[in-house]
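Everything below concerns the one structure shown next.
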Amino acid sequence: MEATENSQTTPEKSYRLTVTSIGNATALATKVIASGLNLAPEKVAEKLYRAPSILADNLTEDICQQLATLIQDLGIEVRVESSETPPPPPSELYDISVQISEIEHLPSVVEKLSPFLGINETQIISLLITPPAIILGSVSLATLSALKRLLTLEGVNIIASRPTTANYDLISSVLNSYQTQQLNQFLQRLNLSLQANNGLCLSSLDYRTAQTIWKHFGHNLPIKIINQDFYRYDILINNLPDIIEVAAQQYLENTIGISPADYPSVQAHLPLVIHESISHQEALKLETECATHGLLVSKINITFQRLKIQIHTVEDLSPVDTLLQQLGLIDTPLKKLPYITRDTSETFARFAKHLLERNGAQVSYQECAV
């Protein structure tokens, strides 16, 4: 009689596929993966934009490697790892705004963002010209990095903010007496009171307080809760260095290009805009640097500025009339000059001015009430 040995089959090791970044994939990848894995597209999008995250688990190594290859071909960055590996911790999440100071890059930004976000170019333009120009919400640092690799144009600024650590302002249209009383009674419970009944009503609220106010009144009062990180500013200089302030003179010349030889002509135009459409963090940094050098500057919040464009002269009215119609800034045909357009956001007004000047028009802005 032959002896037999007892043998035990070793359980096959399982593997998982972890997304580390959306990489250079387009939004179409979400639909492809959702179809292949039989998952809801919204769930796949969340995993991609909040990477690192587990996309599939408890797979054989061979299947996991094949899946990794297919997904990498879509431009997504992944890694294959044992299912026993500790899962990635929840990502810190960011809201992202794109601010364009070199406005001639707007068409290029739109062209790049449309496939990345999976929405058409008209919708992208609407996002970019509608303050505070937030294009993505609640995404991870990996997605932020992917977006920065996508948009590398000079003068295109990607502003990221962690909502839970940001400061917020309460801004409103004019509140009537009942609305003011209603809001103030609620704010008293939070040890707050309105600073005004329109415009900037409360400033520098923390995330929890801002959320509490919005949940109670965001849908029944004419208010906005704005993340300060997404503001944009014009910076004005109010004074020039004295002749003995050499360090201040050098700073002014190196950073702004105003040399002591320019002072006589500049002095007559103070306060003078020295930076246009810069971010909140840039404005704070510039304020601090200028104060260090004894220079007084002012911040003008232009985030919600509305502008009209006055057209003074142009050789040929016909192409300008067509352009204004395409931009949606004209109600009746352009017959004579000067002509003042409809009002629009500051960002779109800068783009329109750029196009008009490229068509030979001499133009200027007219600021409107917010």
Subject >> Cα shape, the range 259-310, gyration tensor, a/c 1.5 rule >> reply: oblate
**OP:** Among SER265, LEU175, TYR231, flag the residue with its Cα farthest along the positive direction of the charge dipole of the chain, charges on Cβ as +1 for Lys/Arg and -1 for Asp/Glu.
**Re:** LEU175
Subject >> Protection-proxy order for peptides 20-26, 296-302, 311-317, each taking the mean of Cβ atoms within 10 Å per residue, highest first >> reply: 20-26, 296-302, 311-317
Original post:
Under a GNM of the chain (C-alpha, springs under 10 Å), which listed residue has the highest mean-square fluctuation: PHE217, PHE351, PHE230?
Top reply: PHE217
**OP:** Enumerate the amide H contacts of ILE274 below 5 Å, restricted to partners 5 or more residues apart or on another chain; note that Pro and chain-start residues carry no placed amide H.
**Re:** ILE235, LEU236, ILE237
**OP:** For ILE302, enumerate residues with amide H under 5 Å from its amide H, sequence gap 5+ or separate chain, H modeled in the peptide plane.
**Re:** ARG232, TYR233, ASP234
Subject >> Förster-model FRET efficiency, 30 Å R0, THR322 and GLU154, C-beta, rounded to 0.05 >> reply: 0.50
Original post:
GNM on the chain, C-alpha springs below 10 Å: top fluctuator among PRO260, PRO163, PRO132?
Top reply: PRO260
Original post:
Counting only Cα, what are the radius of gyration and maximum Cα-Cα distance Dmax of the chain, in Å?
Top reply: 27.3, 114
Subject >> Candidate lysines - alpha carbon under 17 Å from LYS215, same-chain residues fewer than 8 apart omitted >> reply: LYS224
**OP:** Go through the range 158-172 residue by residue and turn each phi into a ³J(HN,Hα) via Karplus (6.51, -1.76, 1.60, θ = phi - 60°); whole Hz please, and just put x for glycine and proline.
**Re:** 9, 9, 10, 9, 7, x, 6, 10, 7, 9, 10, 10, 9, 10, 9
Original post:
Of ASN359, ASN227, ASN38, which has the largest mean-square fluctuation in a 10 Å C-alpha GNM of the chain?
Top reply: ASN38
**OP:** Take the Cβ-Cβ distance between ASN176 and VAL273 as r, set R0 to 41 Å, and report the resulting FRET efficiency rounded to the nearest 0.05.
**Re:** 0.65
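Just so you know, all these numbers are worked out from the coordinates, no wet-lab data involved. This one's a predicted model, so the numbers in the text were calculated from it and none came from an experiment. Virtual Cβ from ideal backbone geometry, glycine too; neighbours counted across all protein chains shown.
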